[in-house]
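J.: Submitted below is the structure of interest, expressed as structure tokens.
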Amino acid sequence: MEIVTGVAPARAERRERGSIPRAWEQPSLRVVAIGGGTGLPAVLGGLARVARRGAWLQRLEVTALVAASDDGGSSGRLRRENGVLPPGDVRNCLIALADERSRSLARLFRYRFGRGEGLRGHSMGNLLLTALTSLEGDFLAAIERAERMLRCRGKVLPSTLESVRLVGLLEDGSRIEGEHTFVGERASRIARIELVPRAPKAAPGVLEAIRAADVIVLGPGSLYSSVITNLLVEGVAEAVRESGALRILVQNLMTEPGETQGLDALGHVEAVMRHAGKVADVLLVDGRPRVPTDLLQGYARKGQHPVRIDTRAILARGVIPVEADLLAAGARVRHDPDKLAAAVIGLALQGNEA
């Protein structure tokens, strides 16, 4: 891992905000990971494997704070028809944190129906969480029951228990409503997003987890609908700003049509700051992309391109760019969960030496 500058300035700033993370005093970590979609499970999967091995950490406590604005696909249907919070992103995080001894049950949670009137498109995990919500009486209790079933190596919390809708305000003055409308190329880029109702209350345990964290990880994942949407929940951005934790924003590898088309790494950082203030000390990037040309061409046909990174511009915004090998092998451009977890933990432990 290559640090473009040092972590000492960030450490000094954390002294001004409050405490130095406990991770710098003993080999233990409380990690809060914030996001949704497919990006957050990548962080959680790697951290869960570290927690299982646990040879050089006394304790690794992982809490996932998950976006609650999904209104598409199976989650959207269950939300509309059963009045539950969208279960899809929660399900993915539960599976990522599941113990290896629960592999068969995790496969069941993953299973998606390919046919059947009313069933096609639903995942079994979404249906189980909906059923557990009815049986247990509320969504949080349903998640806790699922955590026990899967022997999860961490906790999963929705950022809010309120039914929220995501609204995008575009640069040309128009607006889009509903998370499902954020996908796909459009003529005008997103300028800001809002939740309706505004500033919904944080779910029980969310703010407490942030305040107790040694490391806070934002992303990877869809910039607006997976990461920033969590920061619009009442008290969340403020808690992250005031935290003494090491705060890491994980840079997406590729742009997304609709969400970040044409946006470079600095644009990602500025979008987060525009909505939540200074909530990141470090921008973690894959600084040496080794993606085959034919693979990039395939992504380009879908309107996706590698995110351009200007480290000097990022430093000028008060965020430290850190380069690491994060790319997974294979036919998709994605983060490797184990590399990502190693980089996050390595940054936390290096801070003790600054």
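The values are calculated or read from the model by the stated rules, or taken from the named source; none is laboratory data. This one's a predicted model, so the numbers in the text were calculated from it and none came from an experiment. Positions of Cβ are generated from backbone atoms using ideal geometry, with glycine treated the same way; all protein chains shown enter the neighbour counts.
J.: Hey, among Q304, Q297, Q350, which residue is surrounded by fewer than 23 Cβ atoms within 10 Å (Cβ to Cβ), polar (S, T, N, Q), under 18 Å from Y224 (Cα atoms) and over 19 Å from the mean Cα position of the chain (by Cα)? Please lay out each step first, then the result.
T.: Values: Q297 fails: under 18 Å from Y224 (Cα atoms); Q350 fails: under 18 Å from Y224 (Cα atoms).
Residue meeting the stated conditions: Q304.
J.: Is the range 98-114 home to any residue that is within 24 Å of V236 (Cα to Cα) and either polar (S, T, N, Q) or at pLDDT 95 or above (or both)? Reasoning before the result, please.
T.: Our first condition is that a residue be within 24 Å of V236 (Cα to Cα); within the range 98-114, this holds for none.
Within the range 98-114, not a single residue is within 24 Å of V236 (Cα to Cα) and either polar (S, T, N, Q) or at pLDDT 95 or above (or both).
J.: Sticking with this one: Are any residues in the range 119-175 assigned to a loop (DSSP other than H, G, I, E, B) and under 26 Å from A213 (Cβ atoms), and if so, which ones?
T.: If we filter the range 119-175 for residues that are assigned to a loop (DSSP other than H, G, I, E, B), which is where we start, we get 119-122, 137-138, 151-154, 159, 161-164, 171-174.
Scanning the range 119-175 gives D138, R151, C152, R153, G154, S159, L161, E162, V164.
J.: Could we say that L249 is within 26 Å of G298 (Cβ to Cβ) and in contact (Cβ under 8 Å) with a residue 12 or more places away in the chain here?
T.: Numbers: within 26 Å of G298 (Cβ to Cβ): no; in contact (Cβ under 8 Å) with a residue 12 or more places away in the chain: yes.
Considered against the rule, which asks whether it is within 26 Å of G298 (Cβ to Cβ) and in contact (Cβ under 8 Å) with a residue 12 or more places away in the chain, L249 comes out as no.
J.: Sticking with this structure for a sec: Step by step: first the residues of the range 174-196, then only those that are among the acidic types (D, E) and free of Cβ contacts under 8 Å to residues at least 40 places away in the same chain, then the one that is nearest to A237 (Cα to Cα). Which residue is that?
T.: E194
J.: So G168 fits all but one of (1) surrounded by fewer than 22 Cβ atoms within 10 Å (Cβ to Cβ); (2) within 22 Å of A202 (Cα to Cα); (3) not assigned by TED's automatic domain parsing to the domain that holds R77; what number is the exception?
T.: Among (1) surrounded by fewer than 22 Cβ atoms within 10 Å (Cβ to Cβ); (2) within 22 Å of A202 (Cα to Cα); (3) not assigned by TED's automatic domain parsing to the domain that holds R77, G168 violates only (1).
J.: Is it the case that R274 is surrounded by fewer than 17 Cβ atoms within 10 Å (Cβ to Cβ) and modelled with pLDDT under 95? Full working, then the answer.
T.: On the way: surrounded by fewer than 17 Cβ atoms within 10 Å (Cβ to Cβ): yes; modelled with pLDDT under 95: no.
No: the conditions fail for R274.
J.: Okay, next question. Checking the conditions here, which among A212, A199, A203 is without any contact (Cβ under 8 Å) to a residue 60 or more places away in the chain, surrounded by 14 or more Cβ atoms within 10 Å (Cβ to Cβ), of a type outside the set (S, T, N, Q) and farther than 27 Å from T255 by Cβ? Before you say what the answer is, go through the steps one by one.
T.: Details: A212 fails: without any contact (Cβ under 8 Å) to a residue 60 or more places away in the chain; A203 fails: without any contact (Cβ under 8 Å) to a residue 60 or more places away in the chain.
Residue meeting the stated conditions: A199.
J.: Is it the case that A271 is among the aliphatic types (A, V, I, L, M), part of a loop (DSSP other than H, G, I, E, B) and either assigned by TED's automatic domain parsing to the domain that holds G39 or over 16 Å from the mean Cα position of the chain (by Cα) (or both)? I'd like the intermediate steps shown before the answer.
T.: Working: among the aliphatic types (A, V, I, L, M): yes; part of a loop (DSSP other than H, G, I, E, B): no; either assigned by TED's automatic domain parsing to the domain that holds G39 or over 16 Å from the mean Cα position of the chain (by Cα) (or both): yes.
Criteria not met by A271.
J.: Only one residue in E185, E259 is at pLDDT below 95, farther than 13 Å from V279 by Cβ, of a type outside the set (V, I, T) and in contact with a helix residue (DSSP H, G or I) (Cβ under 7 Å, 6 or more places away or on another chain). Which one?
T.: E259
J.: Follow-up question, since we're still on this one. Do you know which residues across the range 176-202 are closer than 16 Å to D89 by Cβ and acidic (D, E)?
T.: The answer is E179, and nothing else.
J.: Follow-up. How about the range 6-97: which helices (runs of 4 or more DSSP H) wholly inside it have at least 1 residues that are out of contact with any Leu (no Cβ under 9 Å at 6 or more places or on another chain), modelled with pLDDT under 95 and surrounded by fewer than 22 Cβ atoms within 10 Å (Cβ to Cβ)? First the steps, then the outcome.
T.: Numbers: elements: 8-17, 39-53, 73-82, 88-97.
Where helices (runs of 4 or more DSSP H) fall fully within the range 6-97 and carry at least 1 residues being out of contact with any Leu (no Cβ under 9 Å at 6 or more places or on another chain), modelled with pLDDT under 95 and surrounded by fewer than 22 Cβ atoms within 10 Å (Cβ to Cβ), they are 8-17, 39-53, 73-82.
J.: I would also like to ask the following. Could you say whether any residue in the range 222-234 is at pLDDT 95 or above and part of a strand (DSSP E or B)? Show your work before the answer.
T.: The initial filter retains those residues of the range 222-234 that are at pLDDT 95 or above, namely 222-234.
Keeping just the survivors that are part of a strand (DSSP E or B) gives none.
No: zero hits.
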